[in-house]
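Let me give you the structure first, and then I'll get to my questions.
Throughout, read-outs are computed from the coordinates displayed, never taken from laboratory work. This one's a predicted model, so the numbers in the text were calculated from it and none came from an experiment. Cβ atoms come from the backbone with ideal geometry, glycine included; neighbour counts cover every protein chain shown.
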Amino acid sequence: MLGAWALAWDDGDGNADLFRPELLGDPATPVLVGHSADGLVAAGAVASRNDHVVGISNVFALEGGADRAWPVVLDAVHRLFPALPVVGYEHGADLDAAVHHGFEAVGPLRVWLHG
């Protein structure tokens, strides 16, 4: 399942191997997937839960982009984690889509890499 999801998310950019199989074994990090009528992966996202929030990343839909994916992703997250607020770190058009679906932009995100 993760392989098909990653290939759909990647859309031919060559990054499908970014997601390790161990991700599926983490109960705090569900991989959300939406299927087309013919059973293929059509949309998805990754939810990362801690005690305080659910972070959403890697939102995609093959048709309609993130704007089409957000309503389905938010519905799934609210069913899985109804008491937790939802956060993300989109930018550009993806941020515009998130704001369109109820998010509020609060500022830039700084990501530090180690190693």
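Using modelled backbone amide H atoms (1.01 Å from N, in-plane), which distant-in-sequence or interchain residues come within less than 5 Å of GLY34's amide H?
Correct list: ALA42, ALA43, GLY44.
Relative contact order for region 2-100: what is it in percent, counting Cα pairs under 8 Å that are at least 6 residues apart? Don't jump to the answer; show the numbers that get you there.
Working: 137 pairs, mean separation 20.4, N = 99.
Reported relative contact order: 21 percent.
Using per-residue counts of other Cβ atoms within 10 Å, averaged over each peptide, order 66-79, 10-23 from highest down. All intermediate terms of the calculation are to be shown ahead of the outcome.
Values: 66-79: 18.0, 10-23: 11.4.
So the order, starting with the most tightly packed, is 66-79, 10-23.
Suppose only helical runs count, i.e. DSSP H with n ≥ 4. What mean residue ellipticity at 222 nm does that imply for the chain under -39500 (n - 2.57) per run, divided by all residues and rounded to the nearest 500 deg cm²/dmol?
On the way: 3 runs with 34 residues, N = 115.
Taken over the chain, the calculation gives -9000 deg cm²/dmol.
Order of TRP112, TRP9 from fewest to most other C-beta atoms within 10 Å? Present the calculation step by step, with values, prior to reporting the outcome.
On the way: TRP112 4, TRP9 23.
Arranged by neighbour count, lowest to highest, TRP112, TRP9 become TRP112, TRP9.
Span-like helices, the chain: DSSP H, alpha-carbon axial extent 20 Å or more, mean Kyte-Doolittle -1.0 or greater, which ones?
Values: long enough: 65-80 (23 Å, 0.22).
Flagged H segments are 65-80.
What does a probe at HIS100 reach in region 40-70, counting residues whose amide N is under 18 Å from the point 7 Å along Cα→Cβ?
So the set is 43-45, 57-70.
Report the residue, chosen from GLY102, GLY92, GLY44, that carries the largest GNM mean-square fluctuation when the chain is represented by alpha-carbon nodes joined by springs under 10 Å.
Maximum among the listed residues: GLY92.
Right, another one. May I ask you to compute the full-extension gain from TYR89 to ASP67, defined as 0.36 nm times their residue separation minus their alpha-carbon distance, rounded to one decimal in nm? Before the final figure, lay out each step's value.
Details: separation 22, 0.36 × 22 = 7.92 nm, distance 1.50 nm.
Once the chain is fully extended between TYR89 and ASP67, it gains 6.4 nm.
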